[in-house]
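*Asks:* Sending over a structure as structure tokens; questions will come in a sec.
The values are calculated or read from the model by the stated rules, or taken from the named source; none is laboratory data. All of these numbers come straight from a predicted model, not from anything done at the bench. Heads up, the Cβs are rebuilt from the backbone with ideal geometry, glycines too, and the neighbour counts pull from every protein chain shown. Surface areas here come from the heavy atoms of the whole protein model, side chains and all, with no ligands, DNA or RNA. Shrake-Rupley method; radii C 1.70, N 1.55, O 1.52, S 1.80 Å.
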Amino acid sequence: MDDEPMSAEESLNLIAQQNRQMRRELGGGPARMLAAWALAWIVGWGFAYYATRTGNVPGWIAGVVVAVLFFAAIGYTTYVSARSGRGIRGPSRTTGAMYGYSWALSSIGLSVVDIRITQFGSLSSDQVSLLWSGTWLLLTGVMYLAGGMLWQDKLMYGLGAWMIVSSALSVLVGFPANFLVLAVCGGGGFLLGAIVYFVREKSGRR
């Protein structure tokens, strides 16, 4: 005797279960990537704030710590994105690839702009810190806004808006409090986003 067809509710539950299983096999969804960035921002910029305020640690060591954490987060994000993109074809794959290229292009462009402005020598070291931290946080916010619009993800869009507000705040508070804003507001935003996405994944919500 043939099995009876599943109801609409049973079909949705099956789809959600398969989606959760696929995410586990591929290494997780946005939650883990956001958690990696939250760790990099909170620890990295928090350490930079501590080093600047206390003077117990040379500034270059703080810079190395931030760079290492950020490169590690970039590497992990690239790895997870590559795994999650396996088997995906069509417009979704194209959109994801174009969004990734947008991150790379905008990052390179912003680096050139900030480096060139810094080379003029008219800015103090404190102002250079505000320039780099503020512009990069602003870029992060704009890219998350774009991602939220592309995938109709309100949480991603809200995270982008929060990053833009944090960017303005980091410049307004001045140096070295801007590092604290990056750690608490920037890293905290990533952490909150990771928690919400994790809860969504566990509950099977999109």
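*Asks:* Contact list please: Cβ distance under 8 Å, first residue in region 119-132 and free of Cβ contacts under 8 Å to residues at least 24 places away in the same chain, second residue acidic (D, E), pairs at least six apart or on different chains.
*Replies:* Listed by first residue and then by second, the contacts come to L131/D114; W132/D114.
*Asks:* Further question on the same structure: Residue under question is V57, and the condition is that it be at pLDDT 70 or above, of a type in the set (A, V, I, L, M, F, W, C) and surrounded by 13 or more Cβ atoms within 10 Å (Cβ to Cβ); does it hold?
*Replies:* The answer is yes for V57.
*Asks:* While we're looking at this one, here's another question. Pick from region 109-126 the residues that are open to solvent by 90 Å² or more (accessible area, probe 1.4 Å) and among the hydrophobic types (A, V, I, L, M, F, W, C): which of them is nearest to the chain's Cα centre (by Cα)?
*Replies:* Going through the qualifying residues, I end up with V112.
*Asks:* Considering only region 102-139, how many residues are small (G, A, S), in a helix (DSSP H, G or I) and closer than 20 Å to L172 by Cα? Walk me through how you get there before you give the answer.
*Replies:* First, pick out the residues of region 102-139 that are small (G, A, S): 102, 104, 106-107, 109, 111, 121-122, 124-125, 129, 133-134.
Within this subset, residues satisfying the condition of being in a helix (DSSP H, G or I) are 102, 104, 106-107, 109, 111, 125, 129, 133-134.
Next cut, closer than 20 Å to L172 by Cα only: 125, 129, 133-134.
Result for region 102-139: 4.
*Asks:* Let me ask you something else. Yes or no: A8 open to solvent by 60 Å² or more (accessible area, probe 1.4 Å), out of contact with any Gly (no Cβ under 7 Å at 6 or more places or on another chain) and either modelled with pLDDT of 50 or more or under 23 Å from A73 (Cα atoms) (or both)? Spell out how you get there, then give the answer.
*Replies:* Values: open to solvent by 60 Å² or more (accessible area, probe 1.4 Å): yes; out of contact with any Gly (no Cβ under 7 Å at 6 or more places or on another chain): yes; either modelled with pLDDT of 50 or more or under 23 Å from A73 (Cα atoms) (or both): yes.
In short, yes.
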